[in-house]
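Taking it in order: structure first as structure tokens, then the write-up.
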Amino acid sequence: MNQEELQNLRQDYTAASLTEKETSQTPFKQFEKWFDQAIEAKVLEPNAMTLATASADGRPSARVVLLKGVDANGFAFYTNYLSRKGKELTKNPNAAVVFFWGELERQVRIEGTIEKLGKEQSEKYFHSRPVSSQIGALVSPQSQEIEDRKVLETKMAELEAEYAGKEIPKPSYWGGYILKPRLVEFWQGRSSRLHDRIVYKKIDNKNWKKVRLAP
């Protein structure tokens, strides 16, 4: 692809609109509504979200993780606490996530602070995962350099044999986080780049202010 072809890549969005009146009272209810519609539309992995973190000195990094829970407290996901994102969150708990559902021409942005979920909740989710995923959490020293893939495959085979028919212990370095939002933006693509952007801003522990932003 040449530069001109790249510059001419564009899509005019005409699938839907978004008004203040049709949005829910809280961002959590609105998110659930849109998430259910993403599932109905058979969006590929609708719970995939880009998680952005930053180091203590403000250097950002981003990656895709999977949403595994949402309620009035926030948005939950699970990972290795010793990964790059885990280490960054220890020093700087401010983070943001983005969902993009292209089939619906929609995006959701969430900004807030992250806290660890309780050990019991992390244990419960860990043991609900497929056995191979549980073992994978023990196998991978996430974000660390390794010699080659064979290191992982050999360790996987060893642990599959060791834990055959046994409960697999959740490693202490693996568990859940919850993103507690202070801002949630719902973006609906519109024609001529005049997109709809409805933002919820947290006022206090219970209340949210809803505003429209220019695209």
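Would you mind stating whether Lys119 is under 30 Å from Arg182 (Cβ atoms) and exposed (fewer than 15 other Cβ atoms within 10 Å of the Cβ)? Outline the logic, then answer.
Values: under 30 Å from Arg182 (Cβ atoms): yes; exposed (fewer than 15 other Cβ atoms within 10 Å of the Cβ): yes.
Considered against the rule, which asks whether it is under 30 Å from Arg182 (Cβ atoms) and exposed (fewer than 15 other Cβ atoms within 10 Å of the Cβ), Lys119 comes out as yes.
Yes or no: Leu152 within 30 Å of Asn205 (Cβ to Cβ) and at pLDDT 95 or above?
Values: within 30 Å of Asn205 (Cβ to Cβ): no; at pLDDT 95 or above: yes.
When the stated conditions are applied, Leu152 does not pass them.
Quickly run through region 77-91 and pick out the residues that are buried (at least 19 other Cβ atoms within 10 Å of the Cβ) and either within 21 Å of Lys202 (Cα to Cα) or charged (D, E, K, R) (or both). Selection gives Lys85, Glu88.
Matching residues to (1) of a type in the set (Ser, Thr, Tyr); (2) within 18 Å of Gly69 (Cβ to Cβ):
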position	(1), (2)
Lys116	no, yes
Glu120	no, yes
Ser132	yes, no
Gly136	no, no
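The residues on offer are Gln134, Gln142, and the sole one that is in a loop (DSSP other than H, G, I, E, B) and surrounded by 11 or more Cβ atoms within 10 Å (Cβ to Cβ) is Gln142. Scanning region 123-141 for residues that are in contact (Cβ under 8 Å) with a residue 24 or more places away in the chain, under 19 Å from Ala161 (Cβ atoms) and of a type in the set (A, V, I, L, M, F, W, C) turns up Val131, Ile135, Ala137, Leu138. Summed over region 5-36, residues that are in a helix (DSSP H, G or I) and farther than 22 Å from Leu194 by Cβ total 10.
So which residues in region 145-179 are assigned to a loop (DSSP other than H, G, I, E, B) and not charged (D, E, K, R)?
Here is the first cut: in region 145-179, the ones assigned to a loop (DSSP other than H, G, I, E, B) are 145-148, 163-173.
Matches in region 145-179: Ile146, Tyr163, Ala164, Gly165, Ile168, Pro169, Pro171, Ser172, Tyr173.
Identify, by number, the condition in (1) surrounded by fewer than 19 Cβ atoms within 10 Å (Cβ to Cβ); (2) of a type outside the set (Val, Ile, Thr); (3) out of contact with any Pro (no Cβ under 7 Å at 6 or more places or on another chain) that Ala52 doesn't meet. Failing condition for Ala52: (3).
Identify, from the list Arg129, Arg182, the residue that is at pLDDT 95 or above, among the basic types (Lys, Arg), assigned to a loop (DSSP other than H, G, I, E, B) and surrounded by 13 or more Cβ atoms within 10 Å (Cβ to Cβ). Going through Arg129, Arg182 in turn, just one is at pLDDT 95 or above, among the basic types (Lys, Arg), assigned to a loop (DSSP other than H, G, I, E, B) and surrounded by 13 or more Cβ atoms within 10 Å (Cβ to Cβ): Arg129.
Scanning region 101-126 for residues that are of a type in the set (Lys, Arg) and part of a helix (DSSP H, G or I) returns Lys119, Lys124.
The values are calculated or read from the model by the stated rules, or taken from the named source; none is laboratory data. All values derive from a computational prediction rather than experimental measurement. FYI the Cβ positions are ideal-geometry reconstructions off the backbone, even for glycines, and counts take in every protein chain you see.
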